[in-house]
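Here the structure comes first, spelled out in structure tokens, and everything after it is commentary.
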Amino acid sequence: MAEAHWYVVHTYSGYENKVKANIDKTIENRHLEEQILEVRVPMQDVIEMKNGAKKSVSKKMFPGYVLINMIMNDDTWYVVRNTRGVTGFVGPGSKPVPLTDAEMKPLGIKKESVEVNFGEGDLVVVTAGVWKDTSGVIQTMNHSKQSVTINVELFGRETPVEISFADVKLA
């Protein structure tokens, strides 16, 4: 099986989140989860001064661009290229060029994988994030995204939540 790489897709300015949502929906509908692994709109926190007060605001790092971690083939190229709001891949002509490791490093996207000592059906405790100190049984594991899905109780109902491998440990 081919290896997944990060590619940069050019979009209409202001359509980055819409393009991400559309590609995510297409991945789900066409069952391309194993080929298109992740779609990101890189954000950074910036301090702005408004009315004399400092305010932390999240801004797009690259307006007009979306990053996609995918295995490049005719199907995935077609899906991404024909998504509404996408103008094309970044690269010479119509040939997409994957980002190098050196280009990925400043974006904070890590390639290394986390070794885990738990599996589906194990009880884990969340160690960081919004769900910190919550425990749940692992329903699914996604090794390509480095995440687990556990059910947590929210408003009296069991709700599935996706959490990074790094943020959970065995109970």
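The values are calculated or read from the model by the stated rules, or taken from the named source; none is laboratory data. Because the structure is predicted, anything quoted here is derived from the model rather than measured. A quick note on method: Cβ atoms are made from the backbone with ideal geometry, for glycine too, and the neighbour counts reach across all protein chains shown. Side chains included, ligands, DNA and RNA excluded: accessible areas come from the protein's heavy atoms. Shrake-Rupley method; radii C 1.70, N 1.55, O 1.52, S 1.80 Å.
Can you find even one residue in the stretch 12-25 that is among the hydrophobic types (A, V, I, L, M, F, W, C) and either open to solvent by 80 Å² or more (accessible area, probe 1.4 Å) or out of contact with any strand residue (DSSP E or B) (no Cβ under 6 Å at 6 or more places or on another chain) (or both)? There is at least one residue in the stretch 12-25 that is among the hydrophobic types (A, V, I, L, M, F, W, C) and either open to solvent by 80 Å² or more (accessible area, probe 1.4 Å) or out of contact with any strand residue (DSSP E or B) (no Cβ under 6 Å at 6 or more places or on another chain) (or both).
Looking at the stretch 103-116, is at least one residue in a helix (DSSP H, G or I), open to solvent by 40 Å² or more (accessible area, probe 1.4 Å) and more than 25 Å from residue 164 (Cα to Cα)? No, the conditions are met nowhere in the stretch 103-116. Applying the condition of being part of a loop (DSSP other than H, G, I, E, B) and open to solvent by less than 70 Å² (accessible area, probe 1.4 Å) to the stretch 132-147 and asking which residue is farthest from residue 39 (Cα to Cα) yields 134.
Listed by first and then second residue, the pairs with beta-carbon distance under 7 Å, at least 6 apart or on different chains, first residue in the stretch 153-169 and closer than 14 Å to residue 137 by Cβ, second open to solvent by 50 Å² or more (accessible area, probe 1.4 Å) and in a strand (DSSP E or B), are 160/139. When the stretch 39-61 is filtered for residues that are without any contact (Cβ under 8 Å) to a residue 24 or more places away in the chain and within 17 Å of residue 6 (Cα to Cα), only 43 remains. Screening the candidates 66, 86, 80 for the property of being of a type in the set (A, V, I, L, M, F, W, C), under 24 Å from residue 164 (Cβ atoms) and crowded, with 17+ Cβ neighbours inside 10 Å yields one hit, 66. Being among the polar types (S, T, N, Q), more than 30 Å from residue 14 (Cβ to Cβ) and at pLDDT 85 or above holds for only one residue in 149, 87, and it is 149.
Checked against (1) in a strand (DSSP E or B); (2) of a type outside the set (Gly, Ala, Ser); (3) at pLDDT 85 or above, residue 99 meets all criteria but (1). Of the residues contained in the stretch 46-58, one or more are found to be open to solvent by 90 Å² or more (accessible area, probe 1.4 Å) and under 22 Å from residue 106 (Cβ atoms).
If a residue has to be buried (at least 17 other Cβ atoms within 10 Å of the Cβ) and part of a strand (DSSP E or B) to count, how many in the stretch 148-171 make the cut? Total satisfying the criteria: 5.
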